[in-house]
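J.: First the structure, then my questions, so here it is.
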Amino acid sequence: MLNATLTRTFALLLWSLSLLSCHQDPEDRQYTIGFSQCTGGDAWRRQMLSAMKGELLFHPEIDLQYRDARGDNAKQISDIRDLVKNGIDLLIVSPNEASPITPVVEEVFKMGIPVIVVDRKISSSFYTAYIGADNYEIGKLAGSYVSELLGGKGKLIEIWGLRGSTPAVERHKGFMSALSGFPDIDIVHEFDGAWEIDTVKHGLGATITQAPAVDLVFAHNDVMAYGAYEVFKESRPDNDTKFIGIDGLPGPAAGIQLVDDKILSATFLYPTGGEEAIRTAGRILKKEHFDKDNMLLSTVIDPKNVRVMKLQTDKISSQQADILRQQEKINEQVNAYTKQSVLIYILLASLVATIIGGAAAILAWREKNEINRQLEAKRNLILEQKNEIAEMAEKAELATQEKLKFFTNISHEFKTPLTLILGSIDEIISKNTPDRITSTDNLRLIRKNAVRLLRLVNQLMDFRKIEDRKMLLRASELDLVAFIEDVMAAFQKTASRRNIRYTLLGHADRLPVWFDPDKLDKVIFNLLSNAFKFTHDNGKITLTISVDEPARNAIIFVEDNGVGMSREDADHAFDRFHTGEHSAGTGIGLSLSKEFMELHHGSLLLTSEPGKGTRFCIVLPLGKAHLSDNEIATRDRAFVHDVDHEAIAEDIHLSTADNDSENDLTIKEHTVLIIDDNQEMRFFIRKKLQPHYNIQEAQDGVSALEKAFSTVPDLVICDVMLPGKSGIDVTTTLKNDLRTSHIPVIMLTARGSIEHKIEGVKTGADEYLTKPFVFEYLSERIKALLRNRKLLREHYIHGLNVSTVTTAPGNLDRKFINDFTALIEKNVANADLGANEIAHELGMSRVQVYRKVKALLGFSINDYLVNVRLQKAKYLLLNTDKSVAEIAQEVGFSSPAYFSTIFKNKVKQPPTEFRSNKMSLHTPN
């Protein structure tokens with residue numbers, strides 16, 4: 001009975017085990033993937049294999065068989081066929097060369113085995129999926145970067161990879177496409193480096209002695225770029241050639257490290273695609289959705305972002321090492337589980353052993369699931385960190401662009417005072433006899449602009465300290481009311497001269513507050529500078545000091561009724577590098593002020609409304625409980641302004657009365673309109689030009705256009721960076737308006753790059769001068785442009801008859817002359833035709849037509865009309881038998897007597913005598 005029971009029990013256990021052994025989860029099915037690599041000898045290929053093995057940790061159901069072709073096409077074909085014979089479920093191949101490998105890949109694909117092509121392409125579409133970067137776009141990105149790095153001009157060497165491989169071909173095509181727009185960039189030499197450093201050293205070393213001086217070497221990977229660097233370093237140790245490669249691998253002696261070591265000027269990230277290949281293979285084998293073409297993104301790695309990229313790659317490498325360590329632990333646990341399983345199968349002979357073994361198996365299974373869950377959590381954490389790193393890189397790029405914009409603006413701030421300083425020094429040097437007044441004025445101008453440069457430098461130093469977190473608070477207890485009165489005193493003269501109501505309000509004569517006098521001085525001075533800059537004459541600026549007792553805060557309001565700010569400008573007023581519509585500064589003043597107030601544990605707030613004014617609120621905590629020991633000054637310090645406050649305050653938006661140039665009552669032949677938001681620059685140019693020209697001035701684009709349309713000057717000098725409408729907008733408007741299209745325009749700017757010059761010329765500007773400029777050159781360009789305008793005017797006078805001529809497309813001046821002369825020809829017999837009637841017919845004001853005709857033809861409207869009538873009268877006297885009275889009526893004279901008088905005054909003989917004399921000359925003897 002017992003034996004029967006044991007037999008039934010043992011049979012039941014065997015049946016249960018057979019069910020367990022036969023039941024297999026489809027998710028646990030094992031797959032074999034064959035990977036045929038073109039070569040495994042370089043770091044990039046080893047990185048690809050390492051990435052695949054790292055991703056395989058998350059796919060225990062996949063087994064990878066690896067073959068290295070060592071750069072041999074025949075061996076790679078043999079390797080692929082050998083993998084197929086081994087019964088692989090999927091093939092991953094990185095072709096050595098496209099054409100030789102394509103047939104065998106097509107053969108495998110047609111057998112029903114999925115094929116994933118990695119990195120290099122084949123010459124066919126018979127594959128399941130492709131994973132790799134767009135080599136054409138990478139080459140194009142490299143070309144664009146090189147053209148910008150060389151400034152559109154230079155000589156370079158291109159080092160190919162393997163010429164038969166698709167990455168080398170596509171990178172070359174993209175590179176040449178980007179350089180096609182730069183004829184001054186010349187590829188003086190190129191050769192095949194076969195992706196290897198030794199090949200590059202041998203090939204380049206043989207030709208370097210005969211090669212001309214080159215500015216840059218572009219290699220198709222970082223290894224070859226480094227080889228070229230070593231050849232140049234040995235052959236030409238003093239050269240400054242730049243080296244650029246592709247791959248951007250992490251680790252020692254790899255692309256990112258070479259950029260960080262300043263061996264390479266830049267590299268371009270070329271992802272290996274190892275992880276993506278394994279993930280795509282898993283989706284294909286499990287019949288999940290996948291994309292056939294998977295293009296990997298690239299980016300440039302240069303000194304601007306190499307530190308961020310290096311931190312990212314080091315972090316990822318560290319996390320991968322952690323995963324490998326955890327995998328080793330898992331393998332140890334799996335090995336323990338395997339041993340336990342073997343022991344369980346051995347002890348299955350008894351029911352007790354089976355139960356114990358089953359319990360152990362259940363526990364091990366649960367532990368394995370827990371480990372898999374932990375691994376999945378780790379993987380998700382890695383993906384989140386990867387996304388965070390990508391977001392950080394994007395923010396770093398945005399910050400870089402903002403800083404580039406900032407340095408463009410700060411260069412403009414530096415170049416304007418430098419122009420004034422150099423111009424004044426040149427004038428002092430050029431004086432043959434001493435002129436005390438002129439020298440004093442020039443020296444005063446030099447000092448004022450030197451102070452302005454000092455203030456800009458101090459702002460940059462403060463900005464640098466804030467960025468490096470080296471700015472420290474040094475607070476002491478001082479009288480806030482007396483301190484603010486001292487700062488306000490610097491603006492008293494400016495307020496008085498401009499009739500601005502400038503007051504300080506408060507309920508206490510004295511208010512002791514703990515603050516850093518140096519930093520609070522800069523904050524209040526900056527706010528007052530902005531208030532005076534954007535407040536019109538006869539306006540109001542008020543400072544108010546109060547105490548918020550419940551909150552234990554001192555409150556300072558700085559309020560004006562100036563131009564105000566838009567909602568967008570107010571929202572970004574404290575952003576670093578932000579310059580709004582009415583801002584002409586560097587974009588860091590308000591940002592620094594806010595940083596200074598936060599150092600005080602206070603705040604700086606802003607409210608503004610366009611057209612009504614701006615109000616700043618400074619909040620300072622009372623007492624010193626909020627200050628740490630190192631934020632309190634160790635001893636009393638006498639506060640000294642780091643710059644001349646009165647000199648700077650005098651420089652803030654001087655009264656428009658100072659801009660008047662009407663004190664020179666001498667009328668000159670030509671009028672010049674000067675447009676610049678810097679009053680001293682306008683004064684400097686005006687002082688130089690006023691002895692020779694009538695001068696008009698404008699400080700912004702809107703008022704400049706109004707003056708140009710109302711006065712129609714003979715020439716315009718315009719700064720590029722203006723509040724409101726820029727100089728580019730002003731020039732475009734003038735050149736596209738019939739009333740002002742003939743006026744020559746000279747543009748002044750601190751932006752001297754070729755792109756900015758092209759932009760200026762495209763607007764129609766006749767000259768583009770970069771600050772600081774030599775005034776003598778500006779003077780000669782003005783004379784030349786006016787002289788050319790005079791020659792053009794003479795051309796119009798002698799080249800046009802009274803008949804209508806064909807209008808040249810797009811030439812507004814030619815069109816105006818054609819319309820004007822055609823109108824006179826059509827109405828020449830109308831005795832009532834005059835300036836008012838002509839202006840009405842042309843759709844312009846009488847003054848505008850008069851100035852336009854005077855500028856282009858050199859005559860007034862009436863003088864030109866009389867000349868045309870007399871010219872036609874001469875023709876009628878010589879070629880018709882009409883009487884003088886009939887001719888006078890036909891050419892628009894009110895009476896024959898008046899006609900005869902005008903004719904005699906102009907031709908020096910009466911009409912009848914003119915007819916008889918001319919006719920006698922043609923009478924035969």
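J.: Out of 30, 76, 37, I need the residue that is crowded, with 23+ Cβ neighbours inside 10 Å and over 46 Å from the mean Cα position of the chain (by Cα). Which one? Break it down stepwise before answering.
T.: On the way: 30 fails: crowded, with 23+ Cβ neighbours inside 10 Å; 37 fails: over 46 Å from the mean Cα position of the chain (by Cα).
Criteria check complete, one pass: 76.
Residue by residue, here is whether (1) surrounded by fewer than 17 Cβ atoms within 10 Å (Cβ to Cβ); (2) modelled with pLDDT of 60 or more; (3) not in a helix (DSSP H, G or I) holds:
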position: 607; (1), (2), (3): yes, yes, yes
position: 611; (1), (2), (3): yes, yes, yes
position: 614; (1), (2), (3): no, yes, yes
position: 649; (1), (2), (3): no, no, no
position: 657; (1), (2), (3): yes, no, no
position: 681; (1), (2), (3): no, yes, no
position: 702; (1), (2), (3): yes, yes, no
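J.: Out of 321, 377, 361, report the one residue that is surrounded by 12 or more Cβ atoms within 10 Å (Cβ to Cβ) and aliphatic (A, V, I, L, M). Talk me through it step by step, then tell me what you get.
T.: On the way: 321 fails: surrounded by 12 or more Cβ atoms within 10 Å (Cβ to Cβ); 377 fails: surrounded by 12 or more Cβ atoms within 10 Å (Cβ to Cβ).
Exactly one of 321, 377, 361 is surrounded by 12 or more Cβ atoms within 10 Å (Cβ to Cβ) and aliphatic (A, V, I, L, M), namely 361.
J.: While we're on this one: Taking residue 68 as the residue in question, decide whether it is crowded, with 17+ Cβ neighbours inside 10 Å, more than 19 Å from residue 164 (Cα to Cα), touching a strand residue (DSSP E or B) at 6+ places or on another chain (Cβ under 6 Å) and not small (Gly, Ala, Ser).
T.: Details: crowded, with 17+ Cβ neighbours inside 10 Å: yes; more than 19 Å from residue 164 (Cα to Cα): no; touching a strand residue (DSSP E or B) at 6+ places or on another chain (Cβ under 6 Å): yes; not small (Gly, Ala, Ser): yes.
No; evaluated as a whole, the condition is false for this residue.
J.: While we're on this one: May I ask you to verify whether residue 738 is modelled with pLDDT under 85, surrounded by fewer than 17 Cβ atoms within 10 Å (Cβ to Cβ), out of contact with any Ser or Thr (no Cβ under 6 Å at 6 or more places or on another chain) and among the aliphatic types (A, V, I, L, M)? Outline the logic, then answer.
T.: Values: modelled with pLDDT under 85: yes; surrounded by fewer than 17 Cβ atoms within 10 Å (Cβ to Cβ): yes; out of contact with any Ser or Thr (no Cβ under 6 Å at 6 or more places or on another chain): yes; among the aliphatic types (A, V, I, L, M): yes.
Yes, satisfied.
J.: Same structure again: Does residue 313 satisfy the condition of being surrounded by 14 or more Cβ atoms within 10 Å (Cβ to Cβ), under 30 Å from residue 142 (Cα atoms) and modelled with pLDDT of 90 or more? Give the steps one after another, and end with the answer.
T.: Details: surrounded by 14 or more Cβ atoms within 10 Å (Cβ to Cβ): yes; under 30 Å from residue 142 (Cα atoms): yes; modelled with pLDDT of 90 or more: no.
Answer is no for this residue.
Listed here are the residues, each with its yes/no results for (1) at pLDDT 90 or above; (2) not in a loop (DSSP other than H, G, I, E, B).
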| position | (1), (2) |
| --- | --- |
| 116 | yes, yes |
| 142 | yes, yes |
| 145 | yes, yes |
| 164 | no, no |
| 177 | yes, yes |
| 189 | no, yes |
| 195 | no, no |
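J.: What are the residues in segment 360-392 that are within 17 Å of residue 313 (Cα to Cα) and touching a residue at least 12 places away in the same chain (Cβ under 8 Å), if any? Give the derivation first.
T.: Kept after step one, since they are within 17 Å of residue 313 (Cα to Cα), are these residues of segment 360-392: 379, 381-392.
Hits for segment 360-392 are 379, 382, 385, 386, 389, 392.
J.: Shifting gears a bit: Residue 322: under 30 Å from residue 122 (Cα atoms) and over 30 Å from the mean Cα position of the chain (by Cα), yes or no? Explain how you work it out, then say what you get.
T.: Values: under 30 Å from residue 122 (Cα atoms): no; over 30 Å from the mean Cα position of the chain (by Cα): yes.
In short, no.
J.: On to the next question. Considering only residues of segment 226-242 that are surrounded by 15 or more Cβ atoms within 10 Å (Cβ to Cβ) and not hydrophobic (A, V, I, L, M, F, W, C), which is nearest to the chain's Cα centre (by Cα)? Working first, answer last.
T.: Within segment 226-242, the subset surrounded by 15 or more Cβ atoms within 10 Å (Cβ to Cβ) is 226-232, 236, 241-242.
Retained after the next criterion (residues that are not hydrophobic (A, V, I, L, M, F, W, C)): 226-227, 229-230, 236, 241-242.
On the way: 226: 30, 227: 33, 229: 30, 230: 34, 236: 35, 241: 26, 242: 23 Å.
Per the stated criteria, the residue is 242.
J.: Got a sec? Which helices (runs of 4 or more DSSP H) wholly within segment 821-925 have at least 3 residues that are in contact with a Ser or Thr (Cβ under 8 Å, 6 or more places away or on another chain) and surrounded by 14 or more Cβ atoms within 10 Å (Cβ to Cβ)?
T.: Details: elements: 835-842, 846-857, 861-879, 884-890, 896-907, 911-921.
Ranges flagged: 846-857, 884-890.
J.: Only residues that are more than 40 Å from the chain's Cα centre (by Cα), charged (D, E, K, R) and within 20 Å of residue 284 (Cβ to Cβ): list them for segment 79-134, please.
T.: Those that are more than 40 Å from the chain's Cα centre (by Cα), charged (D, E, K, R) and within 20 Å of residue 284 (Cβ to Cβ): 89, 106, 107, 110.
J.: Would you confirm, using the coordinates I've provided, whether residue 47 is modelled with pLDDT of 75 or more, on the phi < 0 side of the Ramachandran plot, loosely packed, with under 12 Cβ neighbours inside 10 Å and out of contact with any strand residue (DSSP E or B) (no Cβ under 6 Å at 6 or more places or on another chain)?
T.: For residue 47, the condition - modelled with pLDDT of 75 or more, on the phi < 0 side of the Ramachandran plot, loosely packed, with under 12 Cβ neighbours inside 10 Å and out of contact with any strand residue (DSSP E or B) (no Cβ under 6 Å at 6 or more places or on another chain) - is not met.
J.: Could you look through segment 118-140, keep only residues that are at pLDDT 90 or above, part of a strand (DSSP E or B) and not β-branched (Val, Ile, Thr), and pick out the one that is nearest to residue 290 (Cα to Cα)?
T.: Here the answer is 129.
J.: Related question: Can you pull out the residues in segment 84-112 that are in a helix (DSSP H, G or I) and either touching a Pro at 6+ places or on another chain (Cβ under 7 Å) or surrounded by 22 or more Cβ atoms within 10 Å (Cβ to Cβ) (or both)? Outline the logic, then answer.
T.: Of segment 84-112, the ones in a helix (DSSP H, G or I) are 84-85, 98-110.
Correct list: 101, 104, 105, 108.
J.: So how many residues does segment 596-605 have that are assigned to a strand (DSSP E or B) and surrounded by fewer than 20 Cβ atoms within 10 Å (Cβ to Cβ)? Don't jump to the end; show me each part of the working.
T.: Quick first cut of segment 596-605, residues assigned to a strand (DSSP E or B) only: 603-605.
From the residues that got through so far, the ones that are surrounded by fewer than 20 Cβ atoms within 10 Å (Cβ to Cβ) too are 603, 605.
Final tally of qualifying residues: 2.
J.: Let me ask something additional. Can you pull out every residue in segment 503-531 that is within 13 Å of residue 559 (Cβ to Cβ) and surrounded by 22 or more Cβ atoms within 10 Å (Cβ to Cβ)?
T.: 527, 528, 530, 531
J.: Please go through segment 294-324 and give me each residue that is part of a strand (DSSP E or B) and under 24 Å from residue 65 (Cα atoms), ordered by number.
T.: Quick first cut of segment 294-324, residues part of a strand (DSSP E or B) only: 294-296, 300-301.
If the condition is that a residue be part of a strand (DSSP E or B) and under 24 Å from residue 65 (Cα atoms), then 294 is the only one that fits.
J.: Right, next: Do you know which residues across segment 764-777 are touching a residue at least 12 places away in the same chain (Cβ under 8 Å) and touching a strand residue (DSSP E or B) at 6+ places or on another chain (Cβ under 8 Å)?
T.: Scanning segment 764-777 gives 764, 765, 766, 767, 768, 769, 770, 771, 773.
J.: For segment 241-284, enumerate the residues that are in the same structural domain as residue 143 (by TED's automatic domain parsing) and free of Cβ contacts under 8 Å to residues at least 24 places away in the same chain.
T.: Scanning segment 241-284 gives 252, 261.
J.: Hey, another quick one. Quick test of your reading of the structure: residue 217 fulfils all but one of (1) modelled with pLDDT of 85 or more; (2) under 24 Å from residue 93 (Cα atoms). Name the failing condition by number.
T.: Tallying (1) modelled with pLDDT of 85 or more; (2) under 24 Å from residue 93 (Cα atoms), residue 217 fails exactly one: (2).
The values are calculated or read from the model by the stated rules, or taken from the named source; none is laboratory data. Remember, it's a predicted structure, so these values are computed and weren't measured experimentally. Using ideal geometry, Cβ is built from the backbone for each residue, glycine included, and neighbour counts are taken over all protein chains shown.
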